[in-house]
C-alpha cells in the first residue's frame, strides 16, 4: 500500500527499524512485528549515521514477506547513480512501494571514517532519478524494458532548523521535483513546527512530524549540542530530571512523546516515530496519544 | 596554468536573460592565454552581446583575477559604472569569478568553464576554491563554489546537517550552502535555489589531453 493513498483517508503513523550489524535479521524482524497492525508502515534505515549494517533493501523485502509495509530509505552517501537506480528497480520487483530519499550523513560521522563519500546524487537529484524511472527512462535517457515502476516518493525536511528558510526553499524544490510526502527531523518545539507548517502547507503535500523518544537527560543534551535542526527545550529536560525512576524506565520519555503527538496532530497529516531501539515503547505511546 | 573554455554563447545568454545591462571583467592571466579572457575575448563577447538587447555598460581587464587585491583595486575605478548595471560577467577561471564576487555587490556570472588547474590554485592561496569540474555552477550560487565549499559537494542546496552555520563534519567549518544562501539573499537572488535540478556531469572532469597541453608552461615532456 502506498502511503500517498492513505493520507486522504487517515492520520498516518509510521515507525522505523535499523537493521542489525550482522546477517541474522530474525531478532530485528520479530521486534518490528510487535508493531504490525499498530503502524501503517515501517521505515528501514539505510546504514544510518554512516554505520555499516545489514541492507535496507533486503530488510524491506523480509518485512513485506511478513505482511508489513516497508518504507525503503535510500541515502546518496554509499552508491553512485548507477547503483541507486539499480537498487530502486530491485525494490519495485520486491513489491516495495514507499521510498524515503535522503542525501545521507557524511562518512566521517560513522564507523568507517576512511570510506569514500559518494554523493554522486543528492536528495533532490535522487527524487529526479526516481521520477525518470517512473517515466520509463533512466538518468542517461535510456528506455527501460517493460512497465515502469511506480512509487510513493518520500523526502525529509527539518522544520526546527535555524535559519528555516533554506529548509523551506529546498522542500519546495523537492516537491517540484516529485516528492509526494515528507517525514521530518525530530520535533520538540511545537510552536516552531506550527510556524513552519503555516508556510509549508502551500506546497500541498502531506507532512509527518518526526518523534524521537527522549531516553535520558544526557541524550537530550547531546542532541542539543550535536544534532542539526533539533533543540530540546529546558522545560522538557527539567521534566526528565524530576523523577529518576520514571526516566530510567522510559516512562517520562513515553509521556513526552505522546503529549507532543497530541499537540502536533492538528497541524500535520501523520506522525513518524523514530524509537532508536525502543520499539517496544511505541504501542504505549500510540495508546497514550489516542492513535 | 589554469585552462578554461568559454561556455557556449546560448548558455551565457540564458544566464543573462533577466539582465538589461552588464559590465564585463576579463582576466589577463591564464584566461588570456586560453583566449577565454583578456582584451580580445572581452571585446568579442561585448560585440556579440551588443547584437542582443543587453547593454554593455563597460569593460575592463585585470592582470590576475585570482588576486583579490588586484581585482578590488582595479574594480574600484569603475565603481560608478558597475553600480548602474544589473550584473557583471567574468571572463576568467572559477577562482577569478569567486574573487570578483567577493568584492563587488553585484551578481557575478561566470563566462567560462574551468577544465584544468594544472595543480595551481591561482594567486588566492588561502583555500581550494575551484575543483576544475568543467561546468562552472557559480552562476547559480552567487559566486561561491558548492563543490569546494560543501563537504558533500552538493549541487541542490544544503543537506540539513549544519548546526549553528557549521558543517556536520567539523564544528569549525562553515556550511558552504549557508554561505551561498546568505550571499543570494543579500543579492536578492534566492530564486536561484529553485532554478533547476543540477546533476553533475563527471565526464567533464576528464578534458581531452590535447586541451590540457595547451599551456606555455607545459615543458615537462
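Structural remarks
- Normalised by the number of residues in the range A:63-164, the mean separation of alpha-carbon contacts (under 8 Å, six or more apart) gives a relative contact order of 30 percent.
- Peptide B:146-159 has a mean shielding of 6, counted as Cβ atoms of other protein chains within 10 Å of each residue's Cβ.
- Spin-label model, residue A:194 to residue A:114: label points 7 Å out along the Cα-to-beta-carbon direction sit 5.2 nm apart.
- The slack between residue B:47 and residue B:137, meaning 0.36 nm per residue of separation minus the straight C-alpha distance, is 29.9 nm.
- The mean of 1/r over all distinct Cα pairs in chain A, once inverted, gives the Kirkwood hydrodynamic radius of 19.5 Å.
- Rounded to 5, percent antiparallel among DSSP beta bridges of the range B:1-153: 20
- Inter-chain shielding of A:101-108 (mean C-beta neighbours from other protein chains, 10 Å cut-off): 4
- Cα long-axis angle, helix A:190-200 against chain A (0 to 90 degrees, to the nearest 10): 30
- Rounded, prolate or oblate (a/c below 1.5 giving rounded, otherwise prolate when a/b exceeds b/c) for the range B:12-83 by Cα gyration tensor: oblate
- Chain A, relative contact order [Cα under 8 Å, separation at least 6], %: 18
- The label point for residue A:237 and the one for residue B:86, both projected 7 Å from the Cα toward the Cβ, are 5.0 nm apart.
- Segment residue A:142-residue A:34, extension gain: residue separation times 0.36 nm, minus the distance between their alpha carbons: 34.6 nm
- Counting Cβ atoms of other protein chains within 10 Å of each residue's Cβ and taking the mean over peptide B:160-169 gives 6.
- Fewest-first sequence of A:278, B:177 by Cβ atoms within 10 Å of each Cβ: A:278, B:177
- The alpha carbon centroids of the range A:206-274 and the range B:1-24 are separated by 51 Å.
- Stokes-Einstein translational diffusion, chain B - Kirkwood Rh over all Cα pairs, 0.692 mPa s, 37 °C, in µm²/s: 186
- Using the Cβ-Cβ distance between residue B:77 and residue B:14 with R0 set to 25 Å, the FRET efficiency from 1/(1 + (r/R0)^6) comes to roughly 0.25.
- Per the Debye formula on identical point scatterers at the alpha carbon atoms of the protein assembly as shown, with no solvent, log10 I(q)/I(0) at q = 0.08, 0.12, 0.13 Å⁻¹ is -0.57, -1.08, -1.20.
Coordinate-derived values only; no laboratory data. Worth saying up front: this structure is predicted, and the values here are computed from it rather than measured. Counting neighbours? That spans all protein chains shown, and the Cβs are built from the backbone with ideal geometry, glycine included.
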